[in-house]
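**Student:** Got a structure for you, written out below as structure tokens; questions coming shortly.
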Amino acid sequence: MAHLRHLRKISLVQWSYFGVALILLCVPFASSAQQPLQPRPVFENPIIGVRSIPDLISRIIFFLLALAAPLTLLALIWGGFKYILAFGDEKKVGAAKQILMWSLIGLAIIILAFVIVSELSRVLGAQ
């Protein structure tokens, strides 16, 4: 029973944050269950139709940015959970704040990279 003693320290606000986050994570699954199954879309090869080297480079960079953005959002969610579950422990709160801060910095870098690559692609004539 000693290992459950820390559960008494959880405030009602922390439990409500956890409940809201859990509901928000479950809503997309519940809404997709209402729709009939549809055939999977066929994905095209992104390299087919490349007309120039700048076009190829911009497609590769956009692909990498498309991978980085969801990973950054997952890091934000992870940092939020760590912050909520820190239970007031200063060391854990500090670690969670570091995760949140670096995730936001990463998200800002991804957005700036997207803008820079878009403008360079437009200037160089890549699609």
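**Student:** Can you give the net charge of the other residues whose Cβ lies under 11 Å from the Cβ of Ile99, counting K and R as +1 and D and E as -1?
**Tutor:** +3
**Student:** Oh, and also: What length, rounded to one decimal in nm, is gained on full extension from Ala113 through to Lys97, with 0.36 nm per residue of separation minus their alpha-carbon distance?
**Tutor:** So the extension gain works out to 3.4 nm.
**Student:** Need one number: nm distance between label points at Val123 and Asp89, each 7 Å from Cα along Cα→Cβ, rounded to one decimal.
**Tutor:** Simple spin-label model gives 4.9 nm for this pair.
**Student:** Any chance you could run the full-extension gain for Leu24 through Phe62? It's 0.36 nm times the residue separation minus the Cα-Cα distance, nm to one decimal.
**Tutor:** Length gained between Leu24 and Phe62: 10.9 nm.
**Student:** Could you derive backbone 3J(HN,Hα) for the stretch 76-88 from the dihedral phi with the Karplus parameters 6.51, -1.76 and 1.60 (θ = phi - 60°), listing whole Hz in sequence and x where the residue is Gly or Pro?
**Tutor:** 5, 5, 4, x, x, 5, 5, 5, 5, 8, 6, 6, x
**Student:** Let me ask something additional. If you line up the Cα atoms of the stretch 50-124 on their principal axes, what length do they span on each, largest first, in Å?
**Tutor:** 56, 16, 12
Quick note: the coordinates plus some simple rules give every number you see, no bench work behind them. Since the model is a prediction, treat every value here as computed from it, not as a measurement. As a convention, Cβ positions derive from the backbone with ideal geometry for all residues, glycine included, and neighbour counts pool all protein chains shown.
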